[in-house]
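Every read-out reported here was derived from the displayed coordinates using simple, explicitly stated rules and does not represent laboratory data. A quick note: this is a predicted structure, and the numbers were derived from the prediction, not measured. All Cβ positions, even for glycine, are placed from backbone atoms using ideal geometry, and neighbour counts span all protein chains on display.
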Amino acid sequence: MENKTENNPEIIGFACSFCTFKASEMAGSLRMKYPDGVKLIQVPCSSRVDPAFVIKAIFEGADGVFVAGCHPGDCHFIKGNYFTRRKIAALKEMFDAFSMKDKLRLFWVSAAEARRFVEKVTGMHNEIKEKKDAG
Amino acid sequence: MQGKQIENNNIENALNQFLKDEQHLVLGFEKGKDGVNHRIFKANVDNFTLLNPMFGINGALYFRRLFSKGTGIILMLRPCEIRAYNELVKLNQIEKDNIIAVSIDCPGTVSLKQETDDIPAEVSQIAEYMQNSGKMRWACEVCREKRGVVGDAGIRIDKNGIFWAFSYTEKGETFLSLIEGDIKEAPTEMLINEQQEAAGFNTNMEEFSRDFSKCIMCKNCRDMCPVCYCIDCVFNGDEYLPRGDALINKIFRTGSSAMPQGKELFHMIRMFHVSQSCVGCGACEEACPQGIPLTKYFKGISERLQNMFSYMSGRSLDEEIPYLTFIEDELKDAED
C-alpha cells in the first residue's frame, strides 16, 4: 500500500482563475477524472506566478509543476500571459541547464476546454509516473 | 573614431574643474599605499587613477536608490560597473539625469583575496601580467565586455598604452569638453578587443549540490550583488527559509532536510531573479566566505537566458529588460 502511494507523483499546478481554473471546475461538473496527485493553486492571472513559486514547489518535493493560463491574446488583463510566456520560457531554459527540464510545463487552456485540460494534465502525470517507475 | 588624447594629467585637471562646483562629485579609484580603492571625491581629486587591477566590490552597489536631484556626479568606473549602473537605471533605482557615466577599458582584475603586491603600474605591463600570471579572476577571463564602450563616455587604451576619451551621448560631450586638448582621429587598433562568446552553460543537480554544499547562508552574495536590489527580499522573514518552530513544523510535514535548510532554493531563486540583469562581475564570489564558484553558475545561466531574447545586460539604456516587455508573436514553442 505504501509503495503505491510513493510512486504516485505529486504535481502542483498554478491555474489562472479566469480560464484554466474554470476549465477544471467544468471538468468536475462534467464528471471527467484527472489524477489525484494534481493539486491546483488558483492565481488571479498566470503572470502572478513568480518563478520563485515554481522553484520552491520543486524543492519542497513536487515531482512536477505546471503553469496554466489563457491562450496568448485572451488574457483577462489584456497582456498578462505574454509576460508569463517569457518568464516561464526562460525558467525552462534555466531548468534545461540543470538537466531537469521535464519537471516544468506551460499550458494554455481556455475556460471552455475542459477536455483539453484533462488530457494535458493526465498526459503530464503519466509521463512523470513512467519516469518515476523506471527509476 | 574621433576622441581626445589623455596626457599630462589633463584628466585630473578636467575632474578638478568639474569639482569646482560645490554640488559636484566624482566616484573613481584612488591609489593608496595598500592598493587601489573606490573613493568619492569632493572638491578635488587626489591620487586619482584610471585603472584598478583589483576587484573587491562592484561600484554600482553604492548607487542603488540614488534619487538626489541637482547633484552632478561623474562615475569613472570599469565597464562591468557601468553596465550594472545601466541596469539599475532601467530598474528605476537611479535618477540618471545628472550622472555622467564613464567606462574605462579594463585589462582584467585580480581578486582581493589574493596577493596583489606584484601588480605593475604601467598599462601594457598590467595587460601582460593579467595574461601570464594566471591570477586573473575567472569572471574577468570570460568577461563579455571589457571595452569602455558603455555609458555616456568611454576611455579606451590604444596599442601603445595611450589613453583616449570618447563620447557616446550628449552628456558624454559635456565630459569631453572638460578635457583640455583638441579632438582628433584615434587609432582603430585598441589594446582590449571584443571577447568571443562562451559556449552554452550546462550542469546538473548533483554538481550543483556538491558545489553549494559549503554554503552557510550568510547571504553576502545577495547583499554584494549590484543588481539584486529588492528592499524586501523574499528571503527576509520565515516564509521561504523557516527557522525555529516554523522549521520544526516544516520538517514534520515534509521529511528530513539538509542544513542550512534551503540553500539550493535560495541560490536557484536568486539566479532566476537576477538572470536578465546579471553583468557577470563576480562580486558575489568575492563576497563569499566559503569560496563557492558562484560566478560559474550565475554567469552561465544569465548568459543563456539573455541569449534567448538577444539581450545583453547593461549594453545600452534603450534595450528593455526582457521580463518587463514582450512581443506578441514570439516563443511559439513555449507551450508543451
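If the chain linking B:Ala121 and B:Glu328 were pulled fully straight, counting 0.36 nm for each residue of separation and taking away their Cα-Cα distance, it would gain 69.3 nm. Taking trypsin sites (Lys or Arg not before Pro) across the stretch B:31-94, the ones in a DSSP loop with at most 13 further Cβ atoms lying within 10 angstrom of their Cβ are B:Lys33, B:Lys42, B:Arg65, B:Lys69. Can you list which of the GluC sites (Glu not before Pro) found in the stretch B:155-193 are DSSP loop residues with at most 13 other C-beta atoms within 10 Å? Hits after loop and neighbour filter: B:Glu189. Only Cα pairs under 8 Å and 6+ residues apart enter the sum, and on that basis the relative contact order of chain A stands at 36 percent.
Quick one: plug the Kirkwood hydrodynamic radius of the stretch A:9-125 (C-alpha pairs) into Stokes-Einstein at 4 °C, 1.567 mPa s, and report D in µm²/s. This corresponds to a translational diffusion coefficient of 93 µm²/s.
Mean residue ellipticity, 222 nm, helices only, chain B: the sum of -39500 (n - 2.57) across DSSP H runs of n ≥ 4, divided by residue count and rounded to 500, is -8000 deg cm²/dmol. Each part gets one Cα centre, and for the stretch B:1-62 versus the stretch B:126-167 those centres are 17 Å apart. Using r as the Cβ-Cβ distance of B:Gln195 and B:Asn44, and R0 as 51 Å, what FRET efficiency do you calculate, to the nearest 0.05? The value I calculate is 0.90.
Only the Cβ atoms of Lys and Arg (+1) and of Asp and Glu (-1) were treated as charged; on that basis the dipole of the protein assembly as shown about its Cα centre amounts to roughly 1360 debye.
A Gaussian network model of chain B, with springs between Cα atoms under 10 Å, assigns the largest mean-square fluctuation among B:Asn47, B:Asn98, B:Asn220 to B:Asn47.
For the protein assembly as shown, the cysteines with no partner cysteine C-beta closer than 4.7 Å are A:Cys16, A:Cys45, A:Cys75, B:Cys106, B:Cys140, B:Cys143, B:Cys215, B:Cys218, B:Cys230, B:Cys233, B:Cys278, B:Cys288.
Enumerate the residues in the stretch B:307-336 having an amide nitrogen under 15 Å from the point lying 7 Å beyond the Cα of A:Arg116 toward its Cβ. Counting only backbone N, you get B:333-336. Positive-end ranking of B:Val274, B:Thr295, B:Phe55 along the dipole of the protein assembly as shown, with charges on Cβ about the Cα centre, is headed by B:Val274. For the stretch B:101-131, GluC sites (Glu not before Pro) meeting the loop criterion (DSSP other than H, G, I, E, B) and having at most 10 other Cβ atoms within 10 Å: B:Glu115. In a fully extended conformation the segment linking A:Asp74 and A:Ile41 would gain 9.8 nm over its present Cα-Cα distance, using 0.36 nm per residue. Here A:Ser29 and B:Glu207 are evaluated by their C-beta separation; at R0 = 41 Å the FRET efficiency comes out at 0.30.
Relative contact order for chain B: 19 percent, from Cα pairs under 8 Å spaced at least 6 residues apart, divided by residue count. Placing pseudo-labels 7 Å out from each Cα toward the beta carbon at B:Lys33 and B:Asp223 gives an inter-label distance of 2.9 nm. Here B:Asn307 and B:Ser177 are evaluated by their C-beta separation; at R0 = 45 Å the FRET efficiency comes out at 0.75. Taking the Cα centre of the stretch A:9-125 as origin and assigning +1 to Lys and Arg Cβ atoms and -1 to Asp and Glu Cβ atoms, the resulting dipole is close to 260 debye. For the protein assembly as shown, what is the Kirkwood hydrodynamic radius in Å, using each pair of distinct C-alpha atoms? It is 24.7 Å.
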